[in-house]
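Report on one structure; see the data block that follows.
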Amino acid sequence: MVKVDLTGCDSFVKKEQFEEYVKKALEAQKVLEEETGAGNDFLGWQHLPSVIGKEQLDDCLSVVNCWVGKQIDLVVVIGIGGSYLGAKAAIEALSHSFANHLSSHGPKVVFAGENLSEDYTAELIDLVQLRNAACVVISKSGTTTEPAVAFRLVKNLLEETYGKEEARERIVAITDKARGALKSLSNQEGYKTFVIEDNIGGRFSVLTPVGLVPIALAGFDIEAMVHGAQEAELVLSERSAANPAVQYAAMRNLLYDGGRKIELFASFNPKLQYLGEWFKQLFGESEGKDGKGIFPASVIFTTDLHSMGQYIQDGLRILFETVVTVENAQRSVTIPSDPQNLDGLNYLAGKHVEHCNRMAQLGTKMAHIDGGVPNLDIRIDKLDEYHLGQLFYFFEKVCGISAYVLGVNPFNQPGVEAYKKNMFKLLEKPGY
Ligand code: PA5
């Protein structure tokens, strides 16, 4: 199970204060689980892992089988926010770091509709034209502009290249069961469609087809991911001060109330860069409202110790860091000895690269604590589908509890509408 070690906060908070916040977190957990809090019509994610059946997983896998049959080598996944980041985070975490430069058996998954850059879009079109392509379009509302623009272009391209009939078999839509332009378009065009249930918000949807279909298409084991999440659902529903989700939620609120307004998600594993992006969206969109909320940021170490390291060590003392550690590397590389030792590195000869990484992590933790940055340590055994499933569910649960301790509704995002209204007006959308 996900492990949480809060000893890196010992010099910043008092035991009694922490116990008080654990009580608050336990109350918030009760409200969340008994579905009596704000936004309680968006709690479908809570029992999602235990209710997903084999039939639903098989349905996701049917897309993989169909497209393997067509020898599809490129899948464009179109979506933004919660309709994008979970799949992106999982695929980046589980893929070979240089997958784009290696040949592979299955299709490559690329993402679109998460920006409005014309150059990005033109380059996407270049790629789709070169490859045997298919597309998964994801939008719960079915009306979001960025994915709608990308989908119109990719749909046209597929229809021009393969004809309307064949294009239909190369498009899968994941959307609301009744509302939105994407739903009506999909019905009309006869696309295979997956439903995003009403009671699951975008940023809590990674364990629905929103995440599972792209992750399966990238060749990963969605059954194992769901099993991991099931385990987390069970363990994290314990109403106990020892529950790691309760402990973490309690500590981040205590630190926030003590003036630590920024949470840095950090990892010494670059494969977790997009998990950091997913984390920022989950917490930022859930907590940042009503003039309140921890500002989530993310860094990858040791890379960012050479950019953000200075600020973290010495800048304004409003930070705490949450470090996500994968305890066991999957591969083994040792540093060779060199007879001349011109680089002076023979003191590391025979040592694993990961050993150096661990020592860098330990050294960083000590330095940051000394510099006034509380450290929250979150660990998983290894980076595979099962543990990633646990981690996704863990952060979702923490987010629900934490936001209730903070006193906000975690399941709405009214602030996101402001830019849209201005943009629509500037684009002269009818009605604005
Ligand atoms: O978490 C959320 O609800 C949002 O980030 C949405 O996922 C995002 O705005 C995309 O919305 P939609 O799936 O309706 O296109």
Most fluctuating residue given options 174, 318, 91, as computed from a GNM of the chain linking Cα atoms under 10 Å: 318
423, 308, ranked by accessible area, largest first (probe 1.4 Å): 308, 423
³J(HN,Hα), Karplus 6.51/-1.76/1.60, whole Hz, each residue of the range 34-51, x for Gly, Pro: 8, 6, 10, x, 5, x, 6, 8, 10, 10, x, 5, 4, 10, 3, x, 7, 9
Per-residue HN-Hα couplings for the range 132-142 [Karplus 6.51, -1.76, 1.60; θ = phi - 60°; Hz; x = Gly/Pro]: 8, 9, 9, 9, 10, 10, 10, 7, 5, 6, x
Residue 110 - accessible surface, heavy atoms, 1.4 Å probe, Å² rounded to 10: 40
Mean-position separation - Cα centroids, the range 66-121 and the range 1-28, in angstrom: 38
Of all DSSP beta bridges in the range 240-352, antiparallel share, percent nearest 5: 15
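Heavy atoms only, 1.4 Å probe, whole protein assembly: order 356, 135 by accessible area, highest first. Could you put the intermediate results ahead of the total?
Numbers: 356 40, 135 0 Å².
Greatest to least solvent exposure: 356, 135.
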Among beta bridges that DSSP assigns inside the chain, antiparallel share in %, nearest 5: 10
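Considering only lysines 8 or more places apart in sequence, or on different chains, count the pairs in the range 62-185 whose C-alpha atoms sit under 16 Å apart. Can you show the working numbers first?
On the way: 70/108; 70/164; 88/108; 140/177; 140/183; 155/164; 155/183.
So the count of such lysine pairs works out to 7.
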Reachable aspartates and glutamates from residue 292, criterion Cα separation under 15 angstrom, eight or more residues apart if same chain: 257, 263
Selected from 351, 271, 155 as most flexible by GNM, with the chain as the system and alpha-carbon contacts under 10 Å: 351
Per-residue SASA entry for residue 355, accessible area with 1.4 Å probe, Å² rounded to 10: 70
For the range 208-272: rounded, prolate or oblate by the Cα gyration tensor [a/c cutoff 1.5]: oblate
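How fast does the range 48-220 diffuse by Stokes-Einstein, in µm²/s, taking the Kirkwood radius from C-alpha pairs at 37 °C and 0.692 mPa s? Working shown, then result.
Details: Rh = 16.0 Å.
Approximately 206 µm²/s, per Stokes-Einstein.
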Residue-averaged 222 nm ellipticity for the chain, from DSSP H runs of 4+ at -39500 (n - 2.57), nearest 500: -15000 deg cm²/dmol
Per residue solvent-accessible surface (Å²) - the chain, probe of 1.4 Å: 46
Inter-part distance where the range 176-221 and the range 260-311 are each reduced to a Cα centre, Å: 27
Relative contact order of the chain, defined on C-alpha pairs under 8 angstrom at six or more residues apart (%): 25
Sequence-distant lysines (8 or more away, or on other chains) whose Cα lies within less than 16 Å of residue 425: none
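Which shape class, rounded, prolate or oblate, goes with the chain when its Cα gyration tensor gives a ≥ b ≥ c as root eigenvalues, a/c under 1.5 marks rounded, and past that a/b bigger than b/c marks prolate?
Working: a/c = 1.76, a/b = 1.28, b/c = 1.38.
It comes out oblate by the Cα gyration axes.
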The chain: most fluctuating residue of 385, 118, 19 per GNM, C-alpha cutoff 10 Å: 118
Amide proton proximity set for residue 325, modelled H, under 5 Å, gap of 5+: 378, 379, 380
Prolate/oblate/rounded label for the range 228-341 (Cα gyration tensor, a/c 1.5): oblate
Residue 22 - accessible surface, heavy atoms, 1.4 Å probe, Å² rounded to 10: 10
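Within the chain, what whole-number % of the accessible surface is contributed by carbon and sulfur, with the 1.4 Å probe and all protein chains included in the calculation?
Ligands and nucleic acids excluded, carbon and sulfur give 53 percent.
The values are calculated or read from the model by the stated rules, or taken from the named source; none is laboratory data. Just so it is clear, the structure is predicted and the values come from calculations on it, not from any experiment. The area values use the complete protein model at the heavy-atom level, side chains included, leaving out ligands, DNA and RNA. Shrake-Rupley method; radii C 1.70, N 1.55, O 1.52, S 1.80 Å.
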